Amino acid sequence: AGLSHGKKCMENVEKLLHDQNFAEKIGLINEESGDLNSNVPVIYNIFLDSYYKGGKYGKVLSEFDRVSQKIKRVPWPLVSLAMFSCLKLNTKESVEKASQIYNKQCSNFVQKSGFVSHPYALLLCQQGQLEEAYEVISNAFSKSMIRTQLKLFILTKLDRLTDAVAVLEHLATQASQEDSPLMKSGDKQIISV
């Protein structure tokens, strides 16, 4: 009964979000900025997240497209859900969709965020586009262990072992300068001993 109720609730939310009169009545889109109004991104995030958790990745992407056609800038959590959906689908078409989102709908800042660059780079890697994956991950914000691990993985796949060793040497240098083996309060562990 709980699953049936949850499904019915999602159907009702979808109907409301698709209802133009309702959207205008509650002010879904800020007419001055062309963006979603202040609380609306959270509603869409929960809505798309429920589809994502249910394995309905195509539905996430179609709803993402519908929303992105109506507004100037898509909030990064929605972009992230779309990227992770493309990664889960892991097809040639999902790479094309992820590339379109990354190149046309993301600001430079959003492109560099791990919430977007990490799934996109991994998808490119899984589809054999290693050079493109390396470029994406190299441009991402650098203070992320996931970024470093992806970069190492891609470099080894590209058979660029000298470059991979240089990344590891840089990590070791950082660790000796910034890391605390005892993980004292306030210290950050960059690489495990």
*Run down Ile29, Ile71, Ile46 and say which single residue is modelled with pLDDT under 90, closer than 28 Å to Phe141 by Cβ and in contact with a strand residue (DSSP E or B) (Cβ under 7 Å, 6 or more places away or on another chain).*
Ile71
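Yes/no per residue for (1) surrounded by fewer than 17 Cβ atoms within 10 Å (Cβ to Cβ); (2) under 21 Å from Val40 (Cβ atoms):
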residue	(1), (2)
Lys70	yes, yes
Cys86	no, no
Glu96	yes, no
Gln126	yes, no
Glu131	yes, no
*asked:* It is to be established whether one or more residues within the stretch 93-108 are closer than 20 Å to Ala164 by Cα and outside any helix (DSSP H, G or I).
replied: no
_Residue count, the stretch 150-189 (criterion: among the charged types (D, E, K, R), modelled with pLDDT of 80 or more and open to solvent by less than 100 Å² (accessible area, probe 1.4 Å))_ = 3
*If you take the residues of the stretch 79-127 that are basic (Lys, Arg) and under 21 Å from Ile146 (Cα atoms), which of them is modelled with the lowest pLDDT?*
Lys112
*Could you grab me the full set of residues in the stretch 99-109 that are in contact with a Ser or Thr (Cβ under 9 Å, 6 or more places away or on another chain) and either closer than 18 Å to Phe153 by Cβ or not polar (S, T, N, Q) (or both)?*
Ile101, Tyr102, Cys106
*Report, ordered by the first and then the second residue, all pairs with beta carbons closer than 9 Å, sequence separation of six or more or different chains, a first member in the stretch 126-142 that is over 19 Å from Val110 (Cβ atoms), and a second member that is part of a helix (DSSP H, G or I) and small (Gly, Ala, Ser).*
Gln126/Ala133; Gln127/Ser94; Gln127/Ala133; Tyr134/Ala121
*Filter the stretch 68-90 for residues that are among the aliphatic types (A, V, I, L, M) and in a helix (DSSP H, G or I); which is farthest from the chain's Cα centre (by Cα)?*
Leu89
_Every residue in the stretch 46-58 that is over 16 Å from Ile101 (Cβ atoms) and either more than 15 Å from the chain's Cα centre (by Cα) or without any contact (Cβ under 8 Å) to a residue 24 or more places away in the chain (or both), please._
Ile46, Phe47, Ser50, Tyr51, Lys53, Gly54, Gly55, Lys56
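The values are calculated or read from the model by the stated rules, or taken from the named source; none is laboratory data. Keep in mind it's a predicted model, so treat the numbers as computed, not measured. Heads up, the Cβs are rebuilt from the backbone with ideal geometry, glycines too, and the neighbour counts pull from every protein chain shown. Each accessible area value is taken on the protein alone, full model and side chains, heavy atoms only, with ligands, DNA and RNA left out. Shrake-Rupley method; radii C 1.70, N 1.55, O 1.52, S 1.80 Å.
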